[in-house]
Amino acid sequence: MDAILKIPIRIIKEQELVIGPIAWDEARKVAGITVDQPHGAVSLVGDTKDIINHLVARYERLFGRASHEVCKDAVQDLIAEIPENEVPESLI
């Protein structure tokens, strides 16, 4: 699996550690994400960068700037594997 496709699930799981199962509920509200919580998986339909940006923005809007930082910290190792022009702006 490409690193970019691992980012949303890593973000959701890290948010779950902070805010609990509501992290999955909030991810379901982002257009383009289909959540399979029992299997800890997601699928994306559409512009991956845009979907990730919306996911990060959703958590930040609801839970503040700290949630944005949690997202960025959770995926730093994955970001290193992605060409710079493919990295979602919200994670830079």
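Bear in mind that the values in this text are calculations on the coordinates, not laboratory data. Everything quoted here is computed from the prediction, not taken from an experiment. Every residue, glycine among them, receives a Cβ derived from its backbone with ideal geometry; neighbour counts consider all protein chains shown.
List pairs: first in the range 16-37 and in a loop (DSSP other than H, G, I, E, B), second loosely packed, with under 12 Cβ neighbours inside 10 Å, Cβ under 6 Å, 6+ apart or cross-chain? Within 6 Å, the pairs are G32/V45; G32/G46.
So, in the range 39-60, exactly how many residues are surrounded by 12 or more Cβ atoms within 10 Å (Cβ to Cβ) and in a helix (DSSP H, G or I)? Counting residues in the range 39-60 that are surrounded by 12 or more Cβ atoms within 10 Å (Cβ to Cβ) and in a helix (DSSP H, G or I) gives 13.
Restricted to the range 79-92, and to residues there that are in a helix (DSSP H, G or I) and among the hydrophobic types (A, V, I, L, M, F, W, C), the residue that is surrounded by the most Cβ atoms within 10 Å (Cβ to Cβ) is L91. Would you please name the residue that is farthest from the chain's Cα centre (by Cα), looking only at residues in the range 61-78 that are touching a residue at least 60 places away in the same chain (Cβ under 8 Å) and assigned to a helix (DSSP H, G or I)? Among them, the one singled out is L78. Taking the criterion of being under 23 Å from L17 (Cα atoms) and touching a residue at least 24 places away in the same chain (Cβ under 8 Å), the residues of the range 80-92 that qualify are P88, S90, L91. Being of a type outside the set (V, I, T), in contact with a Leu (Cβ under 8 Å, 6 or more places away or on another chain) and crowded, with 18+ Cβ neighbours inside 10 Å is a condition met by no residue of the range 9-24.
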